[in-house]
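Down below is the structure, laid out as structure tokens.
The values are calculated or read from the model by the stated rules, or taken from the named source; none is laboratory data. Since the model is a prediction, treat every value here as computed from it, not as a measurement. When we count neighbours, we look across all protein chains shown, and the Cβ atoms used for this are built from the backbone with ideal geometry, even at glycine. Just so you know, the surface numbers come from the protein's heavy atoms only, side chains and all, with ligands and any DNA or RNA stripped out. Shrake-Rupley method; radii C 1.70, N 1.55, O 1.52, S 1.80 Å.
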Amino acid sequence: MATLTERLAAHLLRPVSPNVQTRARLHLLDWLGCVLAARQSEQGEIARRAEPDVLTRAALLGNVLEMDDVHRTALLHPGPVVWPSALSAARETGCNMDVLLDGAVRGYEAMIAVGATFDAHHYAHWHNSATAGGFGGAAAAAAMFGLDADGIADALGHAGSLAGGLWQMRHEPGMTKQLHVAQASLTGLWHARLARAGARGPRAILEGEQGLYAAMTQAPGPLEPRDGWRIDEVSFKPWGACRHVHPAIDVALTLKAAGRLATPVHVETYADALRFCDRPEPKTVLEAKFSLQHGIAIALEKGEPELGDFEPEAIARLVPLRAQVTVAEDPALTAGYPARFGARIDELVLADTLGDPERPLSPAQIEAKARALIGWGGADPDAIVAAALHGDDAAALIDVLEQWV
């Protein structure tokens with residue numbers, strides 16, 4: 001009987017339709033915007049000092065601003081992992097844009113399919129973007145290298161055997177979250193190279209007696225094939241904060257638009273939002289992005305959050321408004337999570353958040369977001385948007401990154 005990774009590898013070799021490629025271009029543009037917006041950050045400076053290779057630098061920057069795409073039930077961010085691996089494979093092979101897009105779609109599929117099997121025990125300790133990310137990086141590159149199902153399964157086996165990434169890093173200042181993502185992406189590329197050279201990987205790495213599930217989960221879910229592609233289930237983030245903060249911001253903005261948002265504000269949401277983002281006194285930019293209280297304070301003061309609203313000056317200015325915000329768990333919203341990310345303020349409950357498939361951002365809104373991010377980073381958006389949305393040359397994307405990152 002075929003193992004889970006063998007079945008997944010075979011499933012990845014389905015053809016990718018043009019409409020799914022179009023969707024992938026939007027995710028590519030979204031990732032480019034996130035990278036370019038972070039180029040002038042402290043992390044961007046560190047990446048330039050540490051790494052001569054532009055795609056390694058880009059891999060370190062895709063989730064700095066917390067605006068990267070997100071899959072709800074898998075609880076992970078596929079874009080920052082998959083695109084650096086896929087572009088690295090494109091650079092090696094000289095492939096065209098169709099091959100790049102197809103590879104990325106397959107990388108999203110593998111990463112999300114594996115991540116969606118992880119349980120709450122896993123997410124309590126392990127960073128899903130890291131533990132499932134290697135599967136995405138490996139699948140994208142292996143597919144682009146033209147490996148068959150056996151070769152892809154070998155690459156996935158290597159990725160699973162080296163999976164890791166502990167949440168302790170979120171309790172302390174530093175750049176380790178970015179390292180999680182970059183390592184998953186670029187070691188995934190390495191796993192695919194090794195599989196291409198003939199290095200066999202463990203096929204039962206998920207379900208085996210000493211495999212990933214036995215080590216990192218208590219009740220893993222089924223790894224089920226889908227007729228469509230899971231990239232269609234991925235959400236775009238409209239604001240530069242942790243996704244767990246977005247439902248509360250969304251409800252607050254809805255009330256503000258109706259003239260009904262006033263202090264004090266009491267927010268009820270699901271338990272993981274509190275676990276990760278109940279932070280009434282953020283001290284750093286990253287802490288502000290992981291603060292429910294700060295997100296609501298921005299909505300109270302001005303409305304829609306912008307990147308500058310998480311910077312030190314805003315953190316200091318919003319102390320009085322943050323003090324007007326309290327948070328608590330709503331058990332009903334916890335019961336609906338992670339299929340739905342919801343929040344309540346007063347009598348208004350939003351079970352789905354702006355950017356989710358049920359309430360999607362339009363292509364024009366996604367492009368506008370990317371243009372704003374690229375502009376924040378000081379780069380020229382026109383050529384970058386054109387290359388991502390309409391270009392046929394994968395190498396042109398690498399040239400863009402060479403110029404700006």
Q. So is Lys302 more than 28 Å from Met175 (Cα to Cα), of a type in the set (Lys, Arg) and open to solvent by 10 Å² or more (accessible area, probe 1.4 Å) or not?
A. yes
(Q) part of a helix (DSSP H, G or I) and without any contact (Cβ under 8 Å) to a residue 60 or more places away in the chain: is that true of Gly136 in this structure? (A) yes
Q: Specify the residue that is surrounded by the most Cβ atoms within 10 Å (Cβ to Cβ); the eligible residues are those in segment 1-46 that are touching a residue at least 24 places away in the same chain (Cβ under 8 Å) and of a type in the set (Gly, Ala, Ser).
A: Gly33
Q. Mind checking whether some residue in segment 258-270 is in a helix (DSSP H, G or I) and modelled with pLDDT of 95 or more?
A. no
Q: Look through segment 329-348, keep the residues that are aliphatic (A, V, I, L, M) and open to solvent by 30 Å² or more (accessible area, probe 1.4 Å), and return whichever of them is farthest from the chain's Cα centre (by Cα).
A: Leu348
Q. Which ones in segment 66-94 are open to solvent by 20 Å² or more (accessible area, probe 1.4 Å) and over 17 Å from Glu402 (Cβ atoms)?
A. Arg72, Thr73, Leu75, His77, Thr93
Q) With respect to the numbered conditions (1) open to solvent by less than 40 Å² (accessible area, probe 1.4 Å); (2) touching a Lys or Arg at 6+ places or on another chain (Cβ under 8 Å); (3) over 21 Å from Pro381 (Cα atoms), which one is the sole condition not fulfilled by Glu51? A) (1)
Q: Give me the pairs, please: first residue somewhere in segment 51-79 and farther than 21 Å from Thr334 by Cα, second residue anywhere and among the polar types (S, T, N, Q) and open to solvent by 30 Å² or more (accessible area, probe 1.4 Å), beta-carbon distance under 9 Å, and either six or more positions apart or on two chains.
A: Ala59/Gln183; Leu60/Gln43; Leu61/Gln43; Val64/Gln43
Q) When you scan segment 177-202, how many residues do you find that are under 12 Å from Ser129 (Cβ atoms) and either open to solvent by 50 Å² or more (accessible area, probe 1.4 Å) or part of a loop (DSSP other than H, G, I, E, B) (or both)? A) 2
**Q.** Matching residues in segment 80-114 - criterion: being out of contact with any Phe, Trp or Tyr (no Cβ under 6 Å at 6 or more places or on another chain), aliphatic (A, V, I, L, M) and without any contact (Cβ under 8 Å) to a residue 60 or more places away in the chain
**A.** Ala86
Q: Output the number of the condition that Glu313 fails; it satisfies all remaining conditions of (1) more than 28 Å from Asp232 (Cβ to Cβ); (2) in contact with a Pro (Cβ under 9 Å, 6 or more places away or on another chain); (3) open to solvent by 70 Å² or more (accessible area, probe 1.4 Å); (4) assigned to a helix (DSSP H, G or I).
A: (2)
Q: Scan segment 203-218 residue by residue and report those that are open to solvent by 30 Å² or more (accessible area, probe 1.4 Å), closer than 17 Å to His127 by Cα and touching a residue at least 24 places away in the same chain (Cβ under 8 Å).
A: Gln218
Q. Got a sec? Which of Leu321, Leu255 is open to solvent by 30 Å² or more (accessible area, probe 1.4 Å), more than 19 Å from the chain's Cα centre (by Cα) and over 21 Å from Gln178 (Cβ atoms)?
A. Leu321
